[in-house]
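Every number in this text was worked out from the coordinates using simple rules, so none of it is lab data. Given the structure is predicted, the values throughout are model-derived calculations rather than measurements. Reconstructed Cβ throughout: ideal geometry from the backbone, glycine too, with neighbour counts over all protein chains shown.
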Amino acid sequence: MSRIKLPPLKDQASFSVAVDEVARIAVDLQEFTANRDAKIQAAQAEFGRFIEALQQKQNALLAQAEQFAEAHREELLPGKAKSADTSLATYGFRTGMPQLKLKSKFTWETVITTLVSEKRTMWLRTKVDAAKDAIIAACQARPETAAIADRIGMRVVQEEAFYIEPKVDSASQVTAAAAK
């Protein structure tokens, strides 16, 4: 999508016209978005039950076929074959990515504790991050903390951002005052 290039605003009157136009467009956007979302919801309601029923049937058939394939692997996939075909599909077994699984009676906490106690730090991750919310709160509470933060290379800033919000009576109308 290309950007629309507009000439710069010359005076306060043209600024007011631009602000009012932004408000009108915002209301139009809300209306179009609401209409689009309503149509999406209607389509989801219309097709959702059919899709869900088909997904459930597909999942049940897949589980049934997987159970049979595991029990009859040698006759379905002789030798080192990983896949085979029917007239409409290819089936087989895929080798997944390696992953760690916990043995029974183990938790990640016990594994981590053991790694630490055995000094196997090459198998541990440590993420250190600044507690930004705590720094902001401390700087706002005590000026001497703000000086420390400044020395370290931080400062608390609160920036302003220009905005335009439409005044609306309903979801589809700009108020009478803004429309004039």
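Remarks
- Pairs with Cβ under 8 Å, 6+ apart, first in the range 68-93 and among the basic types (K, R), second assigned to a strand (DSSP E or B): K82/G92
- Only one entry of R3, R24, R49 meets the criterion of being part of a loop (DSSP other than H, G, I, E, B), of a type in the set (D, E, K, R) and either at negative phi or touching a residue at least 24 places away in the same chain (Cβ under 8 Å) (or both), and that entry is R3.
- The residues of the range 58-115 that are outside any loop (DSSP other than H, G, I, E, B), β-branched (V, I, T) and exposed (fewer than 10 other Cβ atoms within 10 Å of the Cβ) amount to a single one, T90.
- Scanning the range 3-52 for residues that are over 26 Å from the mean Cα position of the chain (by Cα) and of a type in the set (G, A, S), we see that the one that is nearest to D169 (Cα to Cα) is A23.
- Test result for L54, in contact with a helix residue (DSSP H, G or I) (Cβ under 6 Å, 6 or more places away or on another chain) and free of Cβ contacts under 8 Å to residues at least 12 places away in the same chain: no
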